[in-house]
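A short worksheet on the structure shown next.
Every read-out reported here was derived from the displayed coordinates using simple, explicitly stated rules and does not represent laboratory data. Quick caveat, the model's predicted, so the values are computed rather than measured. Virtual Cβ from ideal backbone geometry, glycine too; neighbours counted across all protein chains shown.
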Amino acid sequence: MTPRTPSTGSGVVLDLIRRGEATTRSDLIERLGWSRVTLARRLDDLLEAGFIVSAGQLSSSGGRPPEEFAVAADAGVILAIDIGGSHTRVGVTDLVSTVLSEDEADIGLHDGPDEIFSWAIQVFDFLLADLGRTRADVRAIGVGVPGPVDAVTGRLGSPQLDPRWEEVRVDDYFAGFDAVFAVDRDVNILAVGESRLSWPEYSHLTVVKVGMGVGCAFVLDGHVYRGARGGAGQLSAPRLPGSALHRLELEASGATIRSALREAGRDVATSADIVAAARAHDPLVLEQLNAVGTRIGEALADVVGLLNPQAVIVGGNLAETGERLVAGIRSALLTGTHDFSRRGLVVERARLGDKAGVRGASLMAQDELFDVARVSAATSRRAPVA
């Protein structure tokens, strides 16, 4: 059972500071309605525990300038992994999710969890050493995986495109780290990064990740919606009468483009190969990208009608091919949805580019590390003052 968070716990203060909603004593008192004594004790707790630092004084029109507080960004590091169908990125960030170092490789889902995490941990050890850090500095680890994650058990759910991933507990691979752990679908971490860092003006987003597979995530009222067990967002191909239900990525994804190119005698292995061909203006690749975008847009039409998002954001490796994929999605959506649902609808590429997954995984891990109840419990040596 999760302990009840004290209304005057220090975690409440840290949450406001790290979100930038209140960073001075006067702003915090105004937001929380606490006494100055209570706030002073909670700030002292956070300072002594190393969660926050005094970030100096703000300019003032008169009198003593107010002191500003910020998360102690250098008090540790976060490890972030974004696993794709054929490409994986890893990064080390500070505690406010600024990327300090990163690496990538053409290794993905079908290489299996043993090989991917063995590679990732070796790379992390190298990156940490290069930064003058060790495993002892790691405070949190965030991992995005291309498949459902059971929010109740923490295990990867089914169906997975590769059965070796089913029922896997990713944190078991990181037993050598004493760190907070968070794992989610890769498209959800993309949605976290894009919604907070690139599209903060929008509270309702549908986010699509297109690589060798296809994933979909929903941001509702500013929060990623995961469903009852973490399975929200699994898209199926539009069904014809008498056809069987199957996943959208089986007929519209990087994998289907790869198959078409191989049938034409092209040597294509990864999504990066498709991106390179698109940038070289290969006509067959551009044709395939438009067709895949159209099919994905048709599958999203009902989603847009049901959820009425402000924007549909397209990320993933294939979004790096340029406008052709997004144009196909946009055209299908604008012709396949009701007028009211598409009015003012924005359909655009993700703005974070290839850093979106690492930033999102770090933000997700940061949320877990700075969970209000966790921080309040870690700094509860003093009883709350009325």
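With each pseudo-label sitting 7 Å past Cα toward Cβ, what's the Trp119-Ala40 distance in nm, one decimal?
Calculated label separation equals 5.6 nm.
Using the alpha carbon gyration tensor of the range 10-72, what are the three equivalent-ellipsoid semi-axes (square root of 5 times each eigenvalue), largest first, in whole Å?
Each semi-axis is √(5λ); the values are 17, 14, 11 Å.
Helix by helix through the chain, keep the DSSP H runs that span 24 Å or more along the axis on Cα and average at least -0.5 on Kyte-Doolittle, and give those back in order.
113-130, 283-307
Given Gly213, Leu345, Pro241, which one lies farthest toward the positive end of the charge dipole of the range 200-350, if we put +1 on the Cβ of every Lys and Arg and -1 on the Cβ of every Asp and Glu?
In the range 200-350, that residue is Pro241.
Give me the one-decimal Kirkwood hydrodynamic radius in Å for the range 228-285, with the sum taken over alpha-carbon pairs.
13.4
Pick from Ala260, Ala327, Ala80: which residue has the top mean-square fluctuation in a GNM of the chain where Cα pairs under 10 Å get a spring?
Looking only at Ala260, Ala327, Ala80, the largest GNM fluctuation is found for Ala260.
Can you give the FRET efficiency to the nearest 0.05 for Thr134 and Glu68, using r as the Cβ-Cβ distance and R₀ = 35 Å?
0.70
DSSP loop (so not H, G, I, E, B), at most 16 other Cβ within 10 Å: list which trypsin sites (Lys or Arg not before Pro) in the range 330-374 pass both filters.
Taking the range 330-374 and a limit of 16 other Cβ atoms within 10 Å, the loop trypsin sites (Lys or Arg not before Pro) found are Arg343, Arg351.
Can you check how the C-alpha radius of gyration of the chain compares to 2.2 N^0.38 Å, as a plain ratio?
With N residues counted in the chain, Rg over 2.2 N^0.38 Å equals 1.07.
Please identify, among Pro65, Pro113, Pro200, the residue showing maximal mean-square fluctuation in a Gaussian network model of the chain using a 10 angstrom Cα cutoff.
Answer for the Gaussian network model of the chain: Pro65.
Using a Gaussian network model of the chain with C-alpha springs under 10 Å, which one of Val168, Val37, Val268 is most mobile by mean-square fluctuation?
Result: Val37 has the largest fluctuation of those listed.
Enumerate the amide H contacts of Val143 below 5 Å, restricted to partners 5 or more residues apart or on another chain; note that Pro and chain-start residues carry no placed amide H.
Excluding prolines and chain starts, which carry no amide H, the hits are Ile81, Ala182, Val183, Asp184.
If a/c stays under 1.5 just call it rounded; otherwise compare a/b with b/c (prolate if a/b is bigger, oblate if not). Do that for the range 88-236, with a ≥ b ≥ c from the square roots of the Cα gyration tensor eigenvalues.
oblate
Please report Rg (one decimal) and Dmax (integer) in Å for the Cα set of the range 200-350.
When restricted to the Cα atoms of the range 200-350, Rg and Dmax are 15.3, 47 Å.
Placing +1 at every Lys and Arg Cβ and -1 at every Asp and Glu Cβ, with all other atoms neutral, what dipole size does the chain have around its Cα centre, in debye to the nearest 20?
Using only the charged Cβ atoms, the result is roughly 1140 debye.
Please state the charge dipole magnitude for the range 200-350, taken about the Cα centre, from unit charges on C-beta atoms (+1 on K and R, -1 on D and E), reported in debye and rounded to the nearest 20.
240
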